[in-house]
Amino acid sequence: MYVAIIIRSLKVFGGGERNVISLIEALNRKLITPDILTEENVRYEEIETRYNKNVKFNLIKINTPNVKIFHFLKEIFFSNPILHSLEKYDFVYDFTNKPPLVFNSTKYLKYIYVLNDRRAARFSKATYFYILITKILSSIGIKKFRRIHPGIINITQSEYIQNEIEKSTGIKIPIIYPPVNLNEFYCNRNPNRSGIVSIGRFSREKNYFLQIEIAKKFPRVQFTFVGSVKNDAYFRKILKKIKLDSVQNITLLPNANFNQLKQVLCSSLIFLHTTIEEHFGLSTVEAVAAGCLPLVHNSGGQQEVVRFKEFRFNELDNAVEKLENMLDMPDDKKDDYRRLLKADIQKYDEINFQNKILAYLNF
């Protein structure tokens, strides 16, 4: 079987990239080596280091315009230049989160991360209008495919995004939750857990400045920020703010490998996630699997992952109050919550994602 996967990049090392790596692994088990159509080169060694996975694929690089306006247009219509080459595939998985393609194949799965990315839209007018245009085109695309190509499959990653799509299009599409290898994140019981860890690429929508403000309220508690650096300018802003505010209790681990990530998770008491209206919250699932107690923003897909209101906050003062309660919580109560949270995340186990997304290939 000839399979293609379209994704903008495999170098960001975020949730979407994890989905694709997990899919490649599942395809490899079926003796399928997919073609990856992407804008950036990536080495096998990089993927193995970050994800602890040894996968095989053929990378086909798509050229990106250097002029900003042309790049903007290509962002909206990312896959159009490769339309002519897609018809040769038996199945195409599209993880670009851009408006759907129109081509003759009826074996096409569009994995929709988000319809209206309000996380990023709050930071600039240009970003807001770009996301608005993408939302309109994506909504039209979903409706259009429903009418013209009923065999083409739309999938999303959470109830939160499912509801967003239904409000915009009137169509309720199925969910395949993102994958986490729960066993891989298992940690031996550690009664000496301490400190707070945060995981997520170093970008504005991850709200690291709020995390710095929280860290300033707890000078005796160690905070560790783990993430990939895609935006060097924003990462430098984080470093500058930490220095200007004389914050002594924050450690940064940029571009950490899997072993470094797991080591921090296994030794940390609390996982902090400050993104507002996160689409899902895959890193939260990883942290819970590792035994951390989560504190997340009370919005978006995080409400699905963390059902306990005592572990969700609305603003800075509320986060500080809840963090104080978590730090003072008796050990037996912490263990009770860990058990309940781990039971909740079983549905996100990687094998469920792989089985469901491969089922569309009709094995």
- What strands (runs of 3 or more DSSP E), lying completely within segment 32-136, carry at least 1 residues that are basic (Lys, Arg) and at pLDDT 60 or above? 58-61, 108-112
- Could you tell me whether ILE173 is surrounded by 14 or more Cβ atoms within 10 Å (Cβ to Cβ), over 17 Å from the mean Cα position of the chain (by Cα) and of a type in the set (A, V, I, L, M, F, W, C)? yes
- Out of curiosity, is LYS217 over 23 Å from the mean Cα position of the chain (by Cα) and not assigned by TED's automatic domain parsing to the domain that holds PHE95? yes
- Residue pairs within 8 Å by beta carbon, gap of at least six or interchain, first lying in segment 156-174 and not assigned by TED's automatic domain parsing to the domain that holds ASN19, second surrounded by 14 or more Cβ atoms within 10 Å (Cβ to Cβ) and in a helix (DSSP H, G or I), listed first then second, are none
- Name the single residue, out of those in segment 286-323 being charged (D, E, K, R) and touching a residue at least 24 places away in the same chain (Cβ under 8 Å), that is nearest to GLU159 (Cα to Cα). GLU304
- Note on the structure: In segment 13-41, anything crowded, with 19+ Cβ neighbours inside 10 Å and over 22 Å from ASN355 (Cα atoms) is listed as PHE13, LEU37, THR38
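The values are calculated or read from the model by the stated rules, or taken from the named source; none is laboratory data. Quick caveat: nothing in here was measured; it's all calculated off a predicted structure. With ideal geometry, Cβ positions are generated from the backbone for all residues, glycine too; neighbour counts draw on all protein chains shown.
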